[in-house]
Amino acid sequence: MKPLILFFVFLLTVFQSAGQDGFNYDESKVPQFKLTDPLVFPGGRKVRSVKSWERRRKPQIFNLFEDQMFGKIPAGLKITHFRVLEESTETPYKNAKRKQVEMILEKEGKELRILMLIYLPVNVPSAPVFLGYNFHGNHSVTTDVEVKISESWCNNNPSLGIINNQLTEQSRGVESGRWPIQMILDAGYGVATIFYGDVDPDRDDFTDGVHPFAYRENQSRPLPNEWGSIAAWAWGLSQAMNYLEKDPGVDPSRVILIGHSRLGKTALWAGAIDSRFAMIISNDSGCGGAALSRRKFGETVKRINTSFPHWYCTNFKAYNDNEENLPFDQHELIALLAPRPVYIASAQEDLWADPRGEYLSGFYATPVYHLFGKNGLESPVPPSVNQPVMNQIGYHIRTGKHDITEYDWTQYIQFADRHLLKK
């Protein structure tokens, strides 16, 4: 009995520390803060035209995020070649075509192989596509036995059959609830997904994944202003776009980035980097994603840099317990996406991700959308639970926990129909 008692004591300690340890979940304790204004130049002059925004102010903000948060992606690093491994209309889904594509990076005797799984509706000649990463391998999003299992490193999860950091058959289909593929296909959209560990394993180790392909002599880690893992994953999405532009079954003008949690952070930055993406969706992306850092609600900059020191560039650690000195905040990351449609989603029980802070980022980015003649989140008061807003910036907060659900996907498809369907 003693080991069992100790186990429950351990769990109690974990749950108590998760709700305490200095993390704030009380709206009345959010500190007063002043946000940087995306439409004001350093020195106080205001941005008054789209031209001034695009040519001068937007690059200033982008460069700050790149240098102080995500890190610079090495120029010129591209997938060497693409190879279609197989394609078939024999799938578990109706009216579907499956394709598995290998994206290969070769340089100086090193090789990186990234697998992309694509399902397209056969009755749509040139389909819009949702593109996003998955957490546990392409085979985890579907019960399709033909989908290949990645050999890349993955965090252990014995309940999913992930032991010795290797994906296995046991994890086939375990994320299918997060990827309602038949529903997406029936709506006339395709799905393209990649295991994020193929691009860069999610651990504080820069000797594997894509990073070594950009190192100079005797370098073993990125420099303080060079790319962390989120920027590396964003690089991978742009490489996937390079392939999707050439696939005759895909409409490259209607590729939609989607990401949940850390991969929602990735989708936002990838959208800021690459203007080819037509729409960007952030699902429960929280701190370092859509949530305002200065609110210090739920997860904080220090907490994320301590628990996941590899996600952002080293320069970002200067803002641990120092959010008020950030030269930007996450509303300006949303602003970088203007005038493209962007959807921010939260969950009522996901206080760690600060749902109100996620909404307010969209609200404070809205003046930039106004510059383009677009509406965003027009009220400082978030909508009620399960009451989506679908202007050029969309938002909902749903019942439930930190996850991506069929309810979320239903809103994303409606949002895409509204903004991307050809009239």
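From the list Ile273, Ile304, which residue is of a type in the set (A, V, I, L, M), open to solvent by 10 Å² or more (accessible area, probe 1.4 Å) and under 16 Å from the mean Cα position of the chain (by Cα)? Outline the logic, then answer.
Details: Ile304 fails: open to solvent by 10 Å² or more (accessible area, probe 1.4 Å).
Exactly one of Ile273, Ile304 is of a type in the set (A, V, I, L, M), open to solvent by 10 Å² or more (accessible area, probe 1.4 Å) and under 16 Å from the mean Cα position of the chain (by Cα), namely Ile273.
May I ask you to list the residues in segment 62-121 that are surrounded by 16 or more Cβ atoms within 10 Å (Cβ to Cβ), in a loop (DSSP other than H, G, I, E, B) and of a type in the set (Ser, Thr, Tyr)?
Thr91, Tyr93
Among the residues of segment 65-83, which ones are of a type in the set (Gly, Ala, Ser) and either out of contact with any strand residue (DSSP E or B) (no Cβ under 7 Å at 6 or more places or on another chain) or at pLDDT below 95 (or both)? Explain how you work it out, then say what you get.
Taking segment 65-83 first, the residues of a type in the set (Gly, Ala, Ser) are 71, 75-76.
Result: Ala75, Gly76.
Could you grab the pairs with beta carbons closer than 6 Å, sequence gap of 6+ or different chains, first residue in segment 320-341 and on the phi > 0 side of the Ramachandran plot, second one outside any loop (DSSP other than H, G, I, E, B) and open to solvent by 10 Å² or more (accessible area, probe 1.4 Å)?
Asp321/Lys302
Would you call Asp284 more than 12 Å from the chain's Cα centre (by Cα), open to solvent by less than 30 Å² (accessible area, probe 1.4 Å) and modelled with pLDDT of 95 or more?
Working: more than 12 Å from the chain's Cα centre (by Cα): no; open to solvent by less than 30 Å² (accessible area, probe 1.4 Å): yes; modelled with pLDDT of 95 or more: yes.
In short, no.
Which numbered condition in (1) touching a His at 6+ places or on another chain (Cβ under 6 Å); (2) on the phi > 0 side of the Ramachandran plot is the only one that Ile104 fails?
Every condition holds for Ile104 apart from (2).
In the set Ile149, Ile184, which member is over 24 Å from Trp235 (Cα atoms), modelled with pLDDT of 95 or more and either in contact with a strand residue (DSSP E or B) (Cβ under 9 Å, 6 or more places away or on another chain) or assigned to a loop (DSSP other than H, G, I, E, B) (or both)?
On the way: Ile149 fails: over 24 Å from Trp235 (Cα atoms).
Exactly one of Ile149, Ile184 is over 24 Å from Trp235 (Cα atoms), modelled with pLDDT of 95 or more and either in contact with a strand residue (DSSP E or B) (Cβ under 9 Å, 6 or more places away or on another chain) or assigned to a loop (DSSP other than H, G, I, E, B) (or both), namely Ile184.
Quick check on my filter: what residues within segment 114-148 are over 25 Å from Gly271 (Cβ atoms), more than 22 Å from the chain's Cα centre (by Cα) and of a type outside the set (Asp, Glu)? Quick ask: steps written out before the conclusion?
Let us first name the residues in segment 114-148 that are over 25 Å from Gly271 (Cβ atoms), namely 122-123, 125, 139, 142-148.
With the extra rule that they be more than 22 Å from the chain's Cα centre (by Cα), the set shrinks to 122-123, 125, 143-148.
Matches in segment 114-148: Val122, Asn123, Pro125, Thr143, Val145, Val147, Lys148.
What are the residues in segment 157-194 that are hydroxyl-bearing (Ser, Thr, Tyr) and free of Cβ contacts under 8 Å to residues at least 60 places away in the same chain, if any?
Initially, segment 157-194 is screened for residues hydroxyl-bearing (Ser, Thr, Tyr), giving 159, 168, 171, 176, 189, 193.
Ser159, Thr168, Ser171, Ser176, listed by residue number.
Would you say Arg295 is in contact with a helix residue (DSSP H, G or I) (Cβ under 9 Å, 6 or more places away or on another chain), surrounded by 19 or more Cβ atoms within 10 Å (Cβ to Cβ) and over 17 Å from Gln392 (Cβ atoms)?
Numbers: in contact with a helix residue (DSSP H, G or I) (Cβ under 9 Å, 6 or more places away or on another chain): yes; surrounded by 19 or more Cβ atoms within 10 Å (Cβ to Cβ): yes; over 17 Å from Gln392 (Cβ atoms): yes.
So Arg295 passes the test.
The values are calculated or read from the model by the stated rules, or taken from the named source; none is laboratory data. It should be emphasised that the depicted structure is a prediction, and the values quoted were computed from it without experimental measurement. Positions of Cβ are backbone-derived with ideal geometry, glycine not excepted, and every protein chain shown enters the neighbour counts. With ligands, DNA and RNA removed, areas are computed over all heavy atoms of the protein, side chains included. Shrake-Rupley method; radii C 1.70, N 1.55, O 1.52, S 1.80 Å.
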